[in-house]
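J.: Sharing a structure, written as structure tokens. Questions coming.
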Amino acid sequence: MAQRKEKRMLSNRESARRSRMRKQKYLNDLMLQVSCLRQEKDEIFTAINATSQRHIGVEAQNCLLRAQLTELIKRLQCLRHIIHCMNVADAGDGGGRGCVGFASCLPDAEDDSLLRPWTSLHIKQGLQGSDVF
């Protein structure tokens, strides 16, 4: 009976040791998984931050391009109006009486933006977007 009891105790000890080893392996696997997930999280946050910075840059560039588009549309409208007035004047319609706003489209003495449209755009708006990236 004592031998049987001792054999049973040894068996229980071995079973408990195997159980502790399994538990330790499971814990080690979980710790490794936590480490991997933290690293993946850090990589995702880095990618999100980089994407956010690119998005901010693209938004700034988009804003600049919209402002340039608005400026170019205004210039085009003004130039079309000037051409229209010149055609009306050439047609002999009383010297261009139909062009009431003709003088408002002409550039001021200091503003030669119609004579040099691209340099004006570059100076006014190009410097704002030059440091976007």
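The values are calculated or read from the model by the stated rules, or taken from the named source; none is laboratory data. If you're wondering where the values come from, they're calculated on a predicted model, not measured in any experiment. Neighbour counts run over all protein chains shown; Cβ positions are idealised from the backbone, glycine included.
J.: Among the residues of segment 110-118, is there at least one that is hydrophobic (A, V, I, L, M, F, W, C), modelled with pLDDT under 50 and assigned to a loop (DSSP other than H, G, I, E, B)?
T.: Scanning segment 110-118, I find no residue that is hydrophobic (A, V, I, L, M, F, W, C), modelled with pLDDT under 50 and assigned to a loop (DSSP other than H, G, I, E, B), so the answer is no.
J.: (1) in contact (Cβ under 8 Å) with a residue 40 or more places away in the chain; (2) surrounded by fewer than 10 Cβ atoms within 10 Å (Cβ to Cβ); (3) not hydroxyl-bearing (S, T, Y): which one isn't true of L72, the others all being true?
T.: Every listed condition holds for L72 apart from (2).
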